[in-house]
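Comments concern the structure below.
The values are calculated or read from the model by the stated rules, or taken from the named source; none is laboratory data. Values in this document were obtained by computation on a predicted structure and should not be read as measured data. Quick reminder, even Gly has a Cβ in these numbers, built from the backbone with ideal geometry, and neighbours come from all protein chains shown. Ligands, DNA and RNA are stripped out before the accessible areas are found, and what is left, the full protein with its side chains, is counted by its heavy atoms. Shrake-Rupley method; radii C 1.70, N 1.55, O 1.52, S 1.80 Å.
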2 protein chains.
Amino acid sequence: MIRIGIVGYGNLGRGVCLAAEKAKDIECVGVFTRRAPETVKPITGYKVYSVEDLAKFKSEIDVLVLCGGSATDLPATTANYIKDFNTVDSFDTHAKIPEYFAKLDKIAKENGTLGAISIGWDPGVFSMARLLFGAVLPDGKDYTFWGKGVSQGHSDAIRRIKGVRNAIQYTVPKESALEKVLSGSNPELSVRDKHARECFVVAEVGADKARIEKEIKEMPNYFADYDTTVHFISEEELKEKHSKLAHGGFVIRSGNTTEENSELLQLSLKLDSNPEFTGSVLIAFARAIFRLAQKGETGVKTAFDIPLKYLYTGDPDEAFKSLL
Amino acid sequence: MIRIGIVGYGNLGRGVCLAAEKAKDIECVGVFTRRAPETVKPITGYKVYSVEDLAKFKSEIDVLVLCGGSATDLPATTANYIKDFNTVDSFDTHAKIPEYFAKLDKIAKENGTLGAISIGWDPGVFSMARLLFGAVLPDGKDYTFWGKGVSQGHSDAIRRIKGVRNAIQYTVPKESALEKVLSGSNPELSVRDKHARECFVVAEVGADKARIEKEIKEMPNYFADYDTTVHFISEEELKEKHSKLAHGGFVIRSGNTTEENSELLQLSLKLDSNPEFTGSVLIAFARAIFRLAQKGETGVKTAFDIPLKYLYTGDPDEAFKSLL
């Protein structure tokens, strides 16, 4: 059995707990939290400890699965965890990955540990598809579509507007753009062409809804470049209809092998639960990190560095006999 | 530049030539044939030599791309090539892969060479999807659909029937089965449920068409377990309408993360040219084999053993900076 520890119990930590239950070769030593341990009750009944006590578990945990956020949590804490543990995380601030990688790789090598960073579906499974598709069809173009699903960052941005009590924002891929891409015509698509943004907003009593709608639609980077729809609803309706964590998306590459012939590759995801799926990917890579650490590897890896066989639930060197 | 040699110039060899042209880091030293070299004219204008002369090119070729068939050609010849060269092949007799692997792995290790076997789309890209999807969603089921596309083996089987002059057989995935799978219901599907077989047959003058149709439909393994349709057409119509090499297919896995939540992963291919796409996959793996051989690796690898970064058209260790 591979012994894991789970750091953090938000949506993702909960997803990792559920994924650990599904994996027959994974055993969870405990969930580690910054909150008072007695206030955290994992859905799987795992034991809960304070993160302060993690050091005591150094010899009992093979891989630590880090479930903190990418904005502040992981950049501030992973360096500390990787000194003592092999780690897997879902760091997803694309632009900062090289810096995060370099810093952790150095620490891990100095301490003889191994980490996998930026594991999930994007970055993660989608990145793997982009690399594979591009290597196979160099004379082509790839497109990534996200959704329909909630974007946490965009929802937060709406919540910061004066007079907004709560909000949920869906990223919605546009059918018209998807169709063009699937036709193999390699269209030039603007940001506005690819995705629409749909917002469900609960306003404070007496707030100026017209101003809120205008502030959302004109918000630079987040909404100004998109077709944005704003619906004002009640807190009850938001809770009832918009608390699901479904998501999905597509990576599509179409490339020419000759002037006449084009080949289309597509990976698609349709997820009832974004954090439960991301947790499942983290658990598969925790397995790979355990195996590679046993072989003496140290430093930091991404999904591009790890042979697929190490993710396999059975004997890695036998995978080709049944799955090839 | 990575210097390759191409052994065999049939449909696949032609596809590899075209793929080599698209890859900016690949240079083709020549096409090697068992036919009289002057009778072979590669579409890309590459030089043609007799396979008998291959030994002379030992120091000039980094990777040999083997384009022979899996039934008799590769099993009879790869062992000989891999003594002197790094190789990539598309051996696709699933049941015989372990035996083929073991034999070549031993020879390659003894001779300090490196080979990749069973590279293409199935086995190949589809196998990679099956492994990844299954590792991430262990509580699930996967389905592979092939087509619509020509099955060479089934076409050959029809051509062996008395009174048949020529024939083309299409494997067609059934929409009804695909829909059930995409709904996430994890249906039990029989062979007949998943695919239909559509045959276009040119009969000899005066042949008994009713008997031919009966023989096709009742042929064990090939047709008896399927819904099979037989159309008799002229040689001209066959040439005109059925000489395309389009193909495609789907790998779909749906798995549960909780009792209520299911997650669906799908890889799909839509190919104008099956051999040109397979050739493109072979070229991407030739690049990986070259790089791994330079690192001193020997023996035989499958798609499961090779980190994705080695397929990347740029610097493998920089791939994560732009594609993750």
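When A:168, A:158 are checked against the criterion of being more than 29 Å from residue A:265 (Cα to Cα), open to solvent by less than 40 Å² (accessible area, probe 1.4 Å), assigned to a helix (DSSP H, G or I) and not charged (D, E, K, R), A:158 stands alone in meeting it. For segment A:171-202, taking the residues that are touching a Ser or Thr at 6+ places or on another chain (Cβ under 6 Å) and farther than 24 Å from residue B:268 by Cβ, the one that is most open to solvent (accessible area, probe 1.4 Å) is identified as A:198.
So is residue A:125 open to solvent by less than 30 Å² (accessible area, probe 1.4 Å) and either more than 20 Å from residue A:306 (Cα to Cα) or free of Cβ contacts under 8 Å to residues at least 12 places away in the same chain (or both) or not? Considered against the rule, which asks whether it is open to solvent by less than 30 Å² (accessible area, probe 1.4 Å) and either more than 20 Å from residue A:306 (Cα to Cα) or free of Cβ contacts under 8 Å to residues at least 12 places away in the same chain (or both), residue A:125 comes out as no. Of all the residues in segment B:267-321, those that are of a type in the set (S, T, N, Q), open to solvent by 10 Å² or more (accessible area, probe 1.4 Å) and closer than 27 Å to residue A:291 by Cα number 2.
Quick check on segment B:287-296. Is at least one of its residues farther than 30 Å from residue A:183 by Cα, among the β-branched types (Val, Ile, Thr), more than 9 Å from chain A (Cβ to nearest Cβ) and part of a loop (DSSP other than H, G, I, E, B)?
Of segment B:287-296, the ones farther than 30 Å from residue A:183 by Cα are B:288-296.
Now restrict to residues that are among the β-branched types (Val, Ile, Thr): B:289.
Within this subset, residues satisfying the condition of being more than 9 Å from chain A (Cβ to nearest Cβ) are B:289.
Among the residues that remain, those that are also part of a loop (DSSP other than H, G, I, E, B) are: none.
No, segment B:287-296 contains no residue that is farther than 30 Å from residue A:183 by Cα, among the β-branched types (Val, Ile, Thr), more than 9 Å from chain A (Cβ to nearest Cβ) and part of a loop (DSSP other than H, G, I, E, B).
Per the conditions (1) more than 28 Å from residue B:261 (Cα to Cα); (2) under 25 Å from the mean Cα position of the chain (by Cα); (3) among the small types (Gly, Ala, Ser), the sole criterion not satisfied by residue A:249 is (1).
Test residue A:95 against the criterion of being under 19 Å from the mean Cα position of the chain (by Cα), hydrophobic (A, V, I, L, M, F, W, C), open to solvent by 30 Å² or more (accessible area, probe 1.4 Å) and away from chain B (no Cβ under 14 Å), and give yes or no. Break it down into steps so the answer makes sense when it comes.
Details: under 19 Å from the mean Cα position of the chain (by Cα): yes; hydrophobic (A, V, I, L, M, F, W, C): yes; open to solvent by 30 Å² or more (accessible area, probe 1.4 Å): yes; away from chain B (no Cβ under 14 Å): no.
The answer is no for residue A:95.
Scanning segment A:203-241 for residues that are in a strand (DSSP E or B) and open to solvent by 40 Å² or more (accessible area, probe 1.4 Å) turns up A:227, A:229, A:231, A:232. Among all residues of segment B:242-264, there is none that is farther than 15 Å from residue A:134 by Cα, open to solvent by less than 10 Å² (accessible area, probe 1.4 Å) and assigned to a helix (DSSP H, G or I). Number of residues in segment B:297-317 that are in contact with a Phe, Trp or Tyr (Cβ under 8 Å, 6 or more places away or on another chain) and either of a type in the set (Ser, Thr, Tyr) or assigned to a helix (DSSP H, G or I) (or both): the value is 6.
Out of the residues in segment A:98-122 that are more than 21 Å from residue A:292 (Cα to Cα) and within 11 Å of the chain's Cα centre (by Cα), state the one that is surrounded by the fewest Cβ atoms within 10 Å (Cβ to Cβ). Working first, answer last.
Restricting attention to segment A:98-122, the residues satisfying the condition of being more than 21 Å from residue A:292 (Cα to Cα) are A:98-99, A:121-122.
With within 11 Å of the chain's Cα centre (by Cα) added as a condition, the list becomes A:121-122.
Working: A:121: 28, A:122: 20.
Going through the qualifying residues, I end up with A:122.
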